[in-house]
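Here the structure comes first, spelled out in structure tokens, and everything after it is commentary.
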Amino acid sequence: MINKTVANVEEACQGVASDMTFMFGGFGLSGIPENAIGYLSKQDIYGLTCVSNNAGVDDFGLGLLLQRKQIKKMISSYVGENAEFERQMLSGELDVELIPQGTLAERCRAAQAGFPAFYTPAGYGTEVAEGKEVREFNGKKHILEYAFDADFGFVKAWKGDTAGNLIFKGTARNFNPNICGAAKITVAEVEHLVPVGELDPNQIHIPGIFVQRIFQGVVYEKRIEQRTVRPRE
Amino acid sequence: MALDKNGIAKRIAQEVNDGYYVNLGIGIPTLVANYVRDDISVEFQSENGVLGMGPFPFEGEEDPDIINAGKQTITTLPGASFFDSAMSFSMIRGKHVHLTILGAMEVAENGDIANWKIPGKMVKGMGGAMDLVASAENIIVAMMHTNKRGESKLLERCSLPITGVGCVKKVVTNLAVLDITSDGFVLRERAPGVSVEEIVNATAGKLHVPDTVPEMNI
């Protein structure tokens, strides 16, 4: 087995630099690579382009990088939970490209799978389609969208082994599997890092071939954005 | 009496049939799950990656790894499944989801919908809405008939940036059930005690009123 293990987040993030493009897994704050984000938010790297469905909240997730103005451009589908984000966007400090969620997922997957581009009906006839090639298939209009081209992809899984095989949990899976192998280097952090042989090959969601570096995450806060409960009867 | 949000959800629940996979948007649509008949089998999809959503968890049983598209903690029912975002939108784009229910800021008589942006004021993003409306064949919009200033949300053309083109087929509001046809809005049902005149006055787009317009049965 090829060993993908690195000692810690610092080693996992070796090579990150200003002006790079990063992809981050997570939906809202669920399944975000907390360790990598925490580390990156303490580095002197700026001018970043970040691909992430959301932009975190003011003091957690990608909000940490926004606070330090490390991000030049965000590519997201929904950014409603972050006041600092909104302020930077409206003042023009931050460049924002909003794209449909399914298009975002597929642009990740296309990069992973070696497709340079694809057609989708999502966004046809809207602002999203401006300047994009339109083509009709079976009587329906589609727009051309391109695969992402990123330097690093940061993902978080529940379990992983030293060969980089990953298993996700619940809806913390979200964009994480689609980002694996979509950037030049995929960095996976896991809650439980186990030796090879411990994971059932039948249960693996992402084979290690898509992962370059894996490490045991340290502390997971797993903050809940909307705690909703029902009363016990 | 005009309906409240739960009333709108209750009426829309009547459109949910046995065997349907249904995607519910944030807001009023989320309430629809509470009113679906319990003698039919329906599965709710949330585009962040779960099929077979259940009710909210009991206090103390919230799991940060199990949420819906509104980032609310949820539970799953027996037979549920989790999947990644690309697969989630394969379900949506590939027309495997039978019914999409979502909110809107404006709907036009040609079926256009606007619900993601107010230029200069509010830019939260479209999330999965553009994918949903571009591909779903059965879209119901749940919304109030007028906005907070009392202006109609059913228009000749959307004034806000649109989310999708000519995609809405049915609208359920606090006042009425309307279909969207090639001839504009068609009034199908009135909320209990609401007159046709009231609905006509609250609708800015072209509205066709049939000879008889029954009250909703809810």
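The values are calculated or read from the model by the stated rules, or taken from the named source; none is laboratory data. Source: prediction; values computed, not measured. Positions of Cβ are backbone-derived with ideal geometry, glycine not excepted, and every protein chain shown enters the neighbour counts.
In summary, A:PHE152 fulfils each of the numbered conditions (1) of a type outside the set (Gly, Ala, Ser); (2) out of contact with any Gly (no Cβ under 9 Å at 6 or more places or on another chain); (3) over 24 Å from A:ASP200 (Cα atoms) with the single exception of condition (2). When region B:184-218 is filtered for residues that are crowded, with 16+ Cβ neighbours inside 10 Å and in a strand (DSSP E or B), the ones remaining, listed by number, are B:GLY184, B:PHE185, B:VAL186, B:LEU187, B:ARG188, B:GLU189, B:ARG190, B:LEU207. Here is a check on your reading of the model: is B:THR181 in contact (Cβ under 8 Å) with a residue 24 or more places away in the chain, over 24 Å from B:LYS5 (Cβ atoms) and more than 13 Å from chain A (Cβ to nearest Cβ)? Spelling it out, B:THR181 is indeed in contact (Cβ under 8 Å) with a residue 24 or more places away in the chain, over 24 Å from B:LYS5 (Cβ atoms) and more than 13 Å from chain A (Cβ to nearest Cβ). With respect to B:ALA104, is the statement that it is of a type in the set (A, V, I, L, M, F, W, C), crowded, with 18+ Cβ neighbours inside 10 Å and free of Cβ contacts under 8 Å to residues at least 12 places away in the same chain true? Considered against the rule, which asks whether it is of a type in the set (A, V, I, L, M, F, W, C), crowded, with 18+ Cβ neighbours inside 10 Å and free of Cβ contacts under 8 Å to residues at least 12 places away in the same chain, B:ALA104 comes out as no. Is it the case that some residue within region B:162-177 is over 19 Å from B:ILE113 (Cα atoms) and touching a residue at least 24 places away in the same chain (Cβ under 8 Å)? No, every residue in region B:162-177 fails to be over 19 Å from B:ILE113 (Cα atoms) and touching a residue at least 24 places away in the same chain (Cβ under 8 Å). Sub-9 Å Cβ pairs linking a first residue in region B:6-29 that is within 24 Å of B:LYS71 (Cα to Cα) to a second residue that is among the acidic types (Asp, Glu) and part of a strand (DSSP E or B), at least 6 apart or interchain, are B:TYR20/B:GLU43; B:TYR21/B:GLU43; B:VAL22/B:GLU43, ordered by first then second residue. Residues of region A:165-195 that are more than 9 Å from chain B (Cβ to nearest Cβ) and of a type in the set (Val, Ile, Thr): A:ILE167, A:ILE179, A:ILE185, A:THR186, A:VAL187, A:VAL190, A:VAL194.
Would you please name the residue that is nearest to the chain's Cα centre (by Cα), looking only at residues in region B:118-143 that are facing chain A (nearest Cβ under 8 Å) and in contact (Cβ under 8 Å) with a residue 24 or more places away in the chain? Residue satisfying both the conditions and the ranking: B:ALA129. Is it the case, given these coordinates, that B:ARG149 is within 24 Å of B:ALA13 (Cα to Cα), among the basic types (Lys, Arg) and either without any contact (Cβ under 8 Å) to a residue 40 or more places away in the chain or more than 13 Å from chain A (Cβ to nearest Cβ) (or both)? In short, no. Among the candidates A:ILE37, A:ILE45, the residue that is at pLDDT 95 or above, more than 14 Å from chain B (Cβ to nearest Cβ) and assigned to a loop (DSSP other than H, G, I, E, B) is uniquely A:ILE45. Against the list (1) of a type in the set (Ser, Thr, Tyr); (2) under 27 Å from B:PHE56 (Cβ atoms); (3) surrounded by fewer than 20 Cβ atoms within 10 Å (Cβ to Cβ), the condition A:THR171 fails is (3). Taking the stated definitions as given, is A:GLY123 in a loop (DSSP other than H, G, I, E, B) and closer than 18 Å to A:SER76 by Cα? Answer is yes for this residue. Kindly evaluate B:LEU160 against the criterion of being modelled with pLDDT of 95 or more, in a loop (DSSP other than H, G, I, E, B) and within 14 Å of another protein chain (Cβ to nearest Cβ). Yes. Taking region B:55-87 as the range and being farther than 20 Å from B:GLY19 by Cα, among the hydrophobic types (A, V, I, L, M, F, W, C) and in contact with a Phe, Trp or Tyr (Cβ under 9 Å, 6 or more places away or on another chain) as the test, the residues that pass are B:ILE66, B:ILE67, B:ALA69, B:ILE74, B:ALA86.
Evaluate the following for B:MET91: is it more than 7 Å from chain A (Cβ to nearest Cβ), of a type in the set (A, V, I, L, M) and closer than 25 Å to A:CYS180 by Cα? Answer is yes for this residue.
Residues checked against (1) hydroxyl-bearing (Ser, Thr, Tyr); (2) at pLDDT 95 or above; (3) in a helix (DSSP H, G or I):
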site: A:LEU193; (1), (2), (3): no, yes, no
site: A:GLY197; (1), (2), (3): no, yes, no
site: A:ILE209; (1), (2), (3): no, yes, yes
site: A:VAL219; (1), (2), (3): no, no, no
site: A:ARG223; (1), (2), (3): no, yes, no
site: A:THR228; (1), (2), (3): yes, no, no
site: A:GLU233; (1), (2), (3): no, no, no
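Within region A:77-102, the set of residues being surrounded by fewer than 22 Cβ atoms within 10 Å (Cβ to Cβ) and among the small types (Gly, Ala, Ser) comprises A:GLY80, A:ALA83, A:SER91, A:GLY92. Selection of region B:52-74 for residues being facing another protein chain (nearest Cβ under 7 Å), closer than 24 Å to A:GLY80 by Cα and in a loop (DSSP other than H, G, I, E, B) yields B:PHE56, B:GLU62, B:ASP63, B:PRO64, B:ASP65, B:ILE66, B:GLY70, B:LYS71.
Among the criteria (1) surrounded by fewer than 23 Cβ atoms within 10 Å (Cβ to Cβ); (2) touching a residue at least 24 places away in the same chain (Cβ under 8 Å); (3) within 13 Å of another protein chain (Cβ to nearest Cβ); (4) not in a helix (DSSP H, G or I), the one A:HIS142 does not fulfil is (2). Number of residues in region A:72-111 that are at pLDDT 90 or above, part of a helix (DSSP H, G or I), in contact with a Gly (Cβ under 9 Å, 6 or more places away or on another chain) and under 24 Å from A:GLN226 (Cα atoms): the value is 2.
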